Amino acid sequence: MKILEKTKEYSIRKHKNVNHKYDAYDYDFHLNMVFEIAKKFIYIVEPSEQENVLSGCWVHDIIEDARETYNDVKKETNETIAELAYALTNEKGRNRAERANDKYYKGIRETKNASFIKFCDRIANVTHSKNNRSRMFDKYKDENEDFITKIYVPECEEIAEHLKELFKEKY
């Protein structure tokens, strides 16, 4: 089984095991959104890294949400994918600001391709909240400039611009 297929199956299974949801949907709904957005922008990523990055989309929340560890992810996938999952895992905290702190964003910027996946994740969240007229849309809009600044790496310029465009019209 190719690493992408194996990673997708692993992630869906682990999120189901903890009954993790995305609104009313099974969590793979969100993971698939992130994956599909990544496929649209994957040309930004070096060809030799694309499969690991697409796989990383499937496990970007697995440590944070499905009780998996870095070593679990590494054993099921590979070290590169585990590093991406680890970099994209929020810090411990009582609120959104504590969980997404400077250490978290620094880890994303310093892990190759983690910013790319985080942009895809945010685009999925913004798109979903916009389509569902969720109050989170306004929260994402308020955070957007700071969010982009915190995870920005030059190779993600185009995807950062795409994220900005999502806020041009409210709903």
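Residue check, Lys130 against (1) in contact (Cβ under 8 Å) with a residue 24 or more places away in the chain; (2) under 15 Å from the mean Cα position of the chain (by Cα), all met but one. Which one?
(2)
Quick check on my filter: what residues within the range 102-124 are polar (S, T, N, Q) and in contact (Cβ under 8 Å) with a residue 60 or more places away in the chain? Even if it seems obvious, please write down each step before you answer.
Let us first name the residues in the range 102-124 that are polar (S, T, N, Q), namely 111, 113, 115.
Asn113, the sole residue that qualifies.
Restricting attention to the range 10-41, which residues are assigned to a helix (DSSP H, G or I) and either at pLDDT below 95 or touching a strand residue (DSSP E or B) at 6+ places or on another chain (Cβ under 6 Å) (or both)? Break it down into steps so the answer makes sense when it comes.
Narrowing the range 10-41 to residues assigned to a helix (DSSP H, G or I): 10-17, 28-41.
Selection gives Phe29, His30.
What's the number of the only condition in (1) crowded, with 22+ Cβ neighbours inside 10 Å; (2) closer than 19 Å to Lys150 by Cβ; (3) in contact (Cβ under 8 Å) with a residue 40 or more places away in the chain that Leu84 fails to meet?
Status for Leu84: all satisfied but (3).
So which residues in the range 99-112 are open to solvent by 20 Å² or more (accessible area, probe 1.4 Å), of a type outside the set (Lys, Arg) and in contact with an Asp or Glu (Cβ under 7 Å, 6 or more places away or on another chain)?
Selection gives Asn101, Thr111.
When you scan the range 113-152, how many residues do you find that are closer than 22 Å to Ser55 by Cβ, open to solvent by 20 Å² or more (accessible area, probe 1.4 Å) and among the β-branched types (Val, Ile, Thr)?
The total comes to 1.
Please count how many residues of the range 153-169 are more than 21 Å from Lys106 (Cβ to Cβ), open to solvent by 90 Å² or more (accessible area, probe 1.4 Å) and without any contact (Cβ under 8 Å) to a residue 40 or more places away in the chain.
Within the range 153-169, the first condition is being more than 21 Å from Lys106 (Cβ to Cβ), and the residues that meet it are 158, 161-162, 164-169.
If we keep only those that are open to solvent by 90 Å² or more (accessible area, probe 1.4 Å) too, we end up with 158, 165, 168-169.
Still in the list and also without any contact (Cβ under 8 Å) to a residue 40 or more places away in the chain: 165, 168-169.
Number of matching residues: 3.
The values are calculated or read from the model by the stated rules, or taken from the named source; none is laboratory data. Only a predicted model underlies this, so the values are computations on that prediction, with no experimental measurement involved. Glycine also receives a Cβ, built like all others from the backbone with ideal geometry; neighbour counts cover every protein chain displayed. Heavy atoms of the whole protein, side chains included, go into the accessibility calculation; ligands, DNA and RNA do not. Shrake-Rupley method; radii C 1.70, N 1.55, O 1.52, S 1.80 Å.
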